[in-house]
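Step one of this worksheet: look at the structure below.
The values are calculated or read from the model by the stated rules, or taken from the named source; none is laboratory data. Since this is a predicted model, take the numbers as computed values, not measurements. Please note: Cβ atoms are built from the backbone with ideal geometry, for glycine as well, and neighbour counts cover all protein chains shown.
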């Protein structure tokens, strides 16, 4: 499983890695800031077809523009890939990120607590 974030993994991501590793799932953290771009990391991962993707919305929401997100949404629509959208911070920019990445299928999120 590839966990994709921007700049620094959140505490939530570190907990997710611990849980996944307890279940025997190998976790690879990828910082898009040092890896190039989110689109290139996603394209490389989907080409491998061997692992799922976790996108850390909290750290990525301000690192991509709407056109890049819509391009990725189109890419996800063309391939079979398990994608977990980890939303640990709920605000307007997270909602815009989710809306663009899902081609308006998700309009926004609200806190369960």
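Exactly one condition in (1) surrounded by 15 or more Cβ atoms within 10 Å (Cβ to Cβ); (2) without any contact (Cβ under 8 Å) to a residue 40 or more places away in the chain; (3) within 18 Å of residue 89 (Cβ to Cβ) is false for residue 39; which is it?
Of the numbered conditions (1) surrounded by 15 or more Cβ atoms within 10 Å (Cβ to Cβ); (2) without any contact (Cβ under 8 Å) to a residue 40 or more places away in the chain; (3) within 18 Å of residue 89 (Cβ to Cβ), the odd one out for residue 39 is (3).
Looking at segment 7-32 only, could you name the residues that are surrounded by 12 or more Cβ atoms within 10 Å (Cβ to Cβ) and at positive phi?
Across segment 7-32, the qualifying residue is only 7.
From the list 60, 55, 86, 98, which residue is modelled with pLDDT of 85 or more, farther than 16 Å from residue 41 by Cα and touching a strand residue (DSSP E or B) at 6+ places or on another chain (Cβ under 8 Å)?
Values: 60 fails: farther than 16 Å from residue 41 by Cα; 55 fails: farther than 16 Å from residue 41 by Cα; 86 fails: modelled with pLDDT of 85 or more.
Result of the check over 60, 55, 86, 98: 98.
Output yes when any residue across segment 104-113 is in contact with a strand residue (DSSP E or B) (Cβ under 7 Å, 6 or more places away or on another chain) and either surrounded by 13 or more Cβ atoms within 10 Å (Cβ to Cβ) or within 23 Å of residue 11 (Cβ to Cβ) (or both), and no when none is. Talk me through it step by step, then tell me what you get.
Within segment 104-113, the first condition is being in contact with a strand residue (DSSP E or B) (Cβ under 7 Å, 6 or more places away or on another chain), and the residues that meet it are none.
There is no residue in segment 104-113 that is in contact with a strand residue (DSSP E or B) (Cβ under 7 Å, 6 or more places away or on another chain) and either surrounded by 13 or more Cβ atoms within 10 Å (Cβ to Cβ) or within 23 Å of residue 11 (Cβ to Cβ) (or both).
Starting from residues that are free of Cβ contacts under 8 Å to residues at least 40 places away in the same chain and within 10 Å of the chain's Cα centre (by Cα), keep the ones in segment 45-97 and report whichever is surrounded by the fewest Cβ atoms within 10 Å (Cβ to Cβ).
Within segment 45-97, the match that is surrounded by the fewest Cβ atoms within 10 Å (Cβ to Cβ) is 84.
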